[in-house]
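I'd like to ask you about the structure that follows.
What follows draws every value from the coordinates through simple rules; no lab data is involved. These numbers were taken from a predicted model, which means no experiment stands behind them. Reconstructed Cβ throughout: ideal geometry from the backbone, glycine too, with neighbour counts over all protein chains shown.
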Amino acid sequence: MQITELDFMEGFIRMATDGCNKGWHERNGGNLTYRLKKSESEQARRFFNEAAPWTLLGAEVPELGGEYFLVTGSGKFFRNIERCPAGNIGLCELDESGGSYRVLWGLDNNAKPTSEFLSHLMNHAAKIKAKGAHYRVIYHCHPSNIIAMTFLLPLNEKVFTRELWEMITECSIVFPDGVGVMAWELCGGLEIAEKSAVLMKNYDVIVWAHHGIFCAGEDFDLTFGLADTVEKAAEIWLKITSANKKKLQTITTNNFIELAEAFGVSLPEKFLE
Ligand code: 2HA
Ligand code: ZN
């Protein structure tokens, strides 16, 4: 058995490949991290390089001390992950302080974790604190239609949430909390990480203007499905907007209230005005 045959590895690689096939990962665009369950790190242990050296993260995320993560590599292309996992992704351990990591498997030839690793860790921590330890995935991708929307609408959560919810009946059930929205921000830095972590308390999806989306989920299916649903809604929005006609009918506030009751989700008041 190879490490890449373990279920969580296959799930990670399949999600990366699916995102790539969707056209969301041009060149080295995007990054993905997964926090392993205890049973999964035990299964993978026999493949670990226990002599791997520690590297400082640049900040501490003490809530995640001692946890294990699968991460995409810095500068690596998602399209190469399936063909060569060990060269493009890695399995990292955080030390007990949450201030250093080491690569126990993968990221061959001295490759590094994504430049957004610290940002992902801060957002894992924010999500766990807000929603619970069942959240394990942080995913960033560059889907065209949602990026296009950020040039055409005011960058505010109410406008984006309502427009997206109205595009497909399932949307308010798939992302009942709505979407967070951030103005353009320099990527790779601490600022975008900190602002995202604040929004992560309330939202599973954050739209980064003129860049992409940053989202969190409990497993690969739910996180990928979330990005897919948001992007499909954005595609419909762009199609109807391009038709240059006003909507003649839509899903109304009363319809959303009916949906919430029927599916047992709670929709924030501020999106129902
Ligand atoms: O990893 O998408 O935002 C490349 C990026 C950074
Ligand atoms: Zn990006």
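Report the residue count in the stretch 232-260 for those that are under 28 Å from the mean Cα position of the chain (by Cα) and acidic (Asp, Glu).
1
Is the stretch 68-83 home to any residue that is touching a Cys at 6+ places or on another chain (Cβ under 6 Å), closer than 18 Å to residue 11 by Cβ, not in a helix (DSSP H, G or I) and not β-branched (Val, Ile, Thr)?
Yes, the stretch 68-83 contains a residue that is touching a Cys at 6+ places or on another chain (Cβ under 6 Å), closer than 18 Å to residue 11 by Cβ, not in a helix (DSSP H, G or I) and not β-branched (Val, Ile, Thr).
Something else now. Given (1) part of a helix (DSSP H, G or I); (2) more than 16 Å from ligand 1 (Cβ to nearest atom); (3) aliphatic (A, V, I, L, M); (4) touching an Asp or Glu at 6+ places or on another chain (Cβ under 6 Å), identify the lone condition not met by residue 230.
The failed condition is (4).
Look through 110, 156 and report the one residue that is closer than 30 Å to residue 272 by Cβ, surrounded by fewer than 16 Cβ atoms within 10 Å (Cβ to Cβ) and more than 16 Å from ligand 2 (Cβ to nearest atom). Steps first, please.
Values: 110 fails: closer than 30 Å to residue 272 by Cβ.
Going through 110, 156 in turn, the sole match is 156.
Please count how many residues of the stretch 173-201 are touching an Asp or Glu at 6+ places or on another chain (Cβ under 9 Å) and either of a type outside the set (Phe, Trp, Tyr) or within 16 Å of ligand 1 (Cβ to nearest atom) (or both). Write out each step before concluding.
Filtering the stretch 173-201 for residues touching an Asp or Glu at 6+ places or on another chain (Cβ under 9 Å) gives 175, 177-181, 185, 187-188, 191-193, 195-196, 199.
Still in the list and also either of a type outside the set (Phe, Trp, Tyr) or within 16 Å of ligand 1 (Cβ to nearest atom) (or both): 177-181, 185, 187-188, 191-193, 195-196, 199.
Matching residues across the stretch 173-201 total 14.
State yes or no: is residue 166 over 18 Å from residue 114 (Cβ atoms), more than 14 Å from the chain's Cα centre (by Cα) and in contact (Cβ under 8 Å) with a residue 12 or more places away in the chain?
It is true that residue 166 is over 18 Å from residue 114 (Cβ atoms), more than 14 Å from the chain's Cα centre (by Cα) and in contact (Cβ under 8 Å) with a residue 12 or more places away in the chain.
Let me ask something else. Could you identify the single residue in 137, 103, 71 that is without any contact (Cβ under 8 Å) to a residue 60 or more places away in the chain and under 21 Å from residue 228 (Cα atoms)? Write out each step before concluding.
On the way: 137 fails: without any contact (Cβ under 8 Å) to a residue 60 or more places away in the chain; 103 fails: under 21 Å from residue 228 (Cα atoms).
Among 137, 103, 71, only 71 is without any contact (Cβ under 8 Å) to a residue 60 or more places away in the chain and under 21 Å from residue 228 (Cα atoms).
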